[in-house]
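To start, the structure itself, in structure tokens.
The values are calculated or read from the model by the stated rules, or taken from the named source; none is laboratory data. This structure is a prediction, so every number in the text was calculated from the model and none was measured. Quick reminder, even Gly has a Cβ in these numbers, built from the backbone with ideal geometry, and neighbours come from all protein chains shown.
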């Protein structure tokens, strides 16, 4: 079946989303056109508004509609604590834990094969940010992937001579997990990060 140019364009637009292939994009496009045009209008308006109004926080670089995001504007946050994350979704995840410090949002992780070097992900901005604030602890909350570990190691090397405590999120066994189901890399991290039992 050959779609009209407008439908093809809609399908290709859906394919720009992560994890959406040709078939899924076709189903989404046809669903909106056949069954939910009102939903399509709402989606279109929401996308337009977000693209026009959402930028980045001048302080932490997370997504924000204002110069300062609500987290950076909150004077009750701990100004001595900085958590470095790979993207805005990580900020959302850590906020669910009750963390009350500040953030700095990188634009991904180091990946030379993809052309993502220190400048591309914001390392120079991170160093300037740390130099202009008085943090006592910096938490490296990069994802526990090969690229995330390499990024954390690179940042740690850059910050090692600064007068602050440098920490990394603990990694290892998930709560409720069973040893036989855990991969070898996770078990290695769990062994390396083991702590004394508290009584």
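Checking the structure you have, find out if any residue of the range 38-60 is at pLDDT 95 or above, under 23 Å from residue 156 (Cα atoms) and in contact with a strand residue (DSSP E or B) (Cβ under 9 Å, 6 or more places away or on another chain). Checked the range 38-60: at least one residue is at pLDDT 95 or above, under 23 Å from residue 156 (Cα atoms) and in contact with a strand residue (DSSP E or B) (Cβ under 9 Å, 6 or more places away or on another chain). Does residue 84 satisfy the criteria of being outside any helix (DSSP H, G or I), assigned by TED's automatic domain parsing to the domain that holds residue 141 and modelled with pLDDT of 95 or more? Judged against the criteria, residue 84 is a match. Restricted to the range 139-180, and to residues there that are loosely packed, with under 12 Cβ neighbours inside 10 Å and part of a helix (DSSP H, G or I), the residue that is modelled with the lowest pLDDT is 179. Of the helices (runs of 4 or more DSSP H) lying entirely inside the range 9-80, those containing at least 1 residues that are in contact with a helix residue (DSSP H, G or I) (Cβ under 6 Å, 6 or more places away or on another chain) are 22-35, 37-53.
The residue of the range 87-138 that is farthest from the chain's Cα centre (by Cα), among those that are part of a loop (DSSP other than H, G, I, E, B) and crowded, with 21+ Cβ neighbours inside 10 Å, is 135. Residues being surrounded by 18 or more Cβ atoms within 10 Å (Cβ to Cβ) and at positive phi are represented in the range 61-71 by at least one member. Checked against the criteria, residue 86 counts as in contact (Cβ under 8 Å) with a residue 12 or more places away in the chain and closer than 30 Å to residue 166 by Cα.
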